[in-house]
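Comments concern the structure below.
The values are calculated or read from the model by the stated rules, or taken from the named source; none is laboratory data. Small disclaimer: the values here were computed from a predicted structure and weren't measured. With ideal geometry, Cβ positions are generated from the backbone for all residues, glycine too; neighbour counts draw on all protein chains shown.
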Amino acid sequence: MTVVRPKKFLGQHFLKDKNIASKIVASLQLKEKSFVLEIGPGTGVLTEFLSQRPDVDLQLAEIDRESVAYLKVHFPHLTPRIHEGDFLEMNLNDLTNNKIHIIGNFPYNISSQIFFKILDHHDQVEQVVCMLQKEVADRLAEKEGSKTYGILSVLLQAFYKIELLYKVPPGVFYPPPNVMSAVIRLLRNERTRLSCDEVLFRKVVKQSFQNRRKTLRNALKPLNLPDSVLKHPFMDKRAEQLSVENFISLTTEIEKSRGASHKI
Ligand code: SAH
């Protein structure tokens, strides 16, 4: 018999409620048969519903050897589709050159790292449907003006429309987590490229939130901005007051000022 003992260090909380599992899988919006990667299938509660959808070309990424053994016994037809290993270390281009839709009840301990990886592949990742710690889900979907709006909210919203779908209580998991959970959906927006340098954009956003209580004039000191940028009205504001668009135009200003200084 194969059993999977829940391991805390892998963020394993298995969903017991099949109705919720079915609802999560139904939240994945596909227009045609698509490449779908499930992160952390565990004992396959989502996998079962995913494998029933004719529009899902399913692949699984699971780090836990016990879960992989379990999946092979209970879903033998999916064996060739299991990628055993750490999702964070996987090369997505090795899996497919097509667009990818990601689904999963994410291991909460590495959810931010999963999103930074998704950001690195925003040209390829079309959609994400996932369960997260509710607090993190709220933060990702938050707009400017809120205390919980942060680095990942800005970076992800630059490329994705984020919807909070529903809350999920601890009691439907084994073992129950200490926190509320929520399911969110990220859909790729229309923006193919930022109108500014993307590496600089990330740097500006990160640095701005590093000292979120300071005005940007102070928070961005390490970037040695020229006076022309320091005079910008955004410099009197704090990071959480700037929208995604504002961060893009600020980055553009910085880029322009650097271009000008290079010419001198
Ligand atoms: N989908 C299952 C399990 C969710 S728990 C369910 O809903 O019941 C999170 C799952 O992610 C576990 O199976 C865990 O082993 C897996 N996991 C944890 N870290 C991982 C990583 N770095 N890469 C891939 N899978 C991981």
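Quick notes on this one:
- Residues in the range 64-84 that are part of a loop (DSSP other than H, G, I, E, B) and touching an Asp or Glu at 6+ places or on another chain (Cβ under 8 Å): Phe75 only.
- For the residues Arg65, Arg53, the requirement of being basic (Lys, Arg), free of Cβ contacts under 8 Å to residues at least 24 places away in the same chain and in contact with a strand residue (DSSP E or B) (Cβ under 9 Å, 6 or more places away or on another chain) singles out Arg65.
- Any hit, the range 188-205, residues being within 30 Å of Asn19 (Cβ to Cβ) and not hydroxyl-bearing (Ser, Thr, Tyr): yes
- Residue that is nearest to Val204 (Cα to Cα), among those in the range 121-160 that are basic (Lys, Arg) and surrounded by 14 or more Cβ atoms within 10 Å (Cβ to Cβ): Arg139
- Subset tally (residues that are more than 19 Å from Val125 (Cβ to Cβ), of a type in the set (A, V, I, L, M, F, W, C) and within 23 Å of the chain's Cα centre (by Cα)) for the range 64-94: 1
- Count of residues meeting criterion [in a helix (DSSP H, G or I) and among the basic types (Lys, Arg)] in the range 200-254: 5
- For the range 1-54, filtering for residues that are of a type in the set (D, E, K, R) and closer than 19 Å to Met180 by Cβ leaves 4.
- Being closer than 24 Å to Gln133 by Cβ, in a helix (DSSP H, G or I), within 8 Å of the ligand (Cβ to nearest atom) and in contact with a helix residue (DSSP H, G or I) (Cβ under 6 Å, 6 or more places away or on another chain) is a description that does not apply to Ala61.
- Note on the range 91-112: residues that are more than 18 Å from Val129 (Cβ to Cβ) and near the ligand (Cβ under 8 Å from one of its atoms) amount to 1.
- In the range 155-179, the residues that are basic (Lys, Arg) form Cβ pairs under 9 Å with partners that are part of a strand (DSSP E or B), at six or more places apart or across chains, as follows: Lys161/Arg185; Lys161/Leu186; Lys161/Leu187; Lys161/Arg188; Lys167/Ser181; Lys167/Ala182; Lys167/Val183.
- Condition met for Ala26 (in contact with a His (Cβ under 7 Å, 6 or more places away or on another chain) and assigned by TED's automatic domain parsing to the domain that holds Ser112): no
- For first residues located in the range 249-264 and more than 14 Å from Pro233 (Cα to Cα), partners that are part of a helix (DSSP H, G or I) and modelled with pLDDT of 75 or more and lie 6+ apart or on another chain with Cβ distances below 6 Å form the pairs Ser257/Ser228; Ser257/Val229.
- Filtering the range 77-91 to residues that are surrounded by 13 or more Cβ atoms within 10 Å (Cβ to Cβ) and in contact with a helix residue (DSSP H, G or I) (Cβ under 8 Å, 6 or more places away or on another chain) leaves Leu78, Ile82, His83, Glu84, Phe87, Leu88.
- Whether a residue is in a helix (DSSP H, G or I), away from the ligand (no atom under 13 Å from the Cβ) and modelled with pLDDT of 95 or more was assessed, and Leu119 passes this test.
- Among the residues making up the range 46-58, those that are within 17 Å of Met131 (Cβ to Cβ) and crowded, with 20+ Cβ neighbours inside 10 Å are Leu46, Thr47, Leu50.
- Among the residues making up the range 22-46, those that are near the ligand (Cβ under 7 Å from one of its atoms) and in a helix (DSSP H, G or I) are Val45, Leu46.
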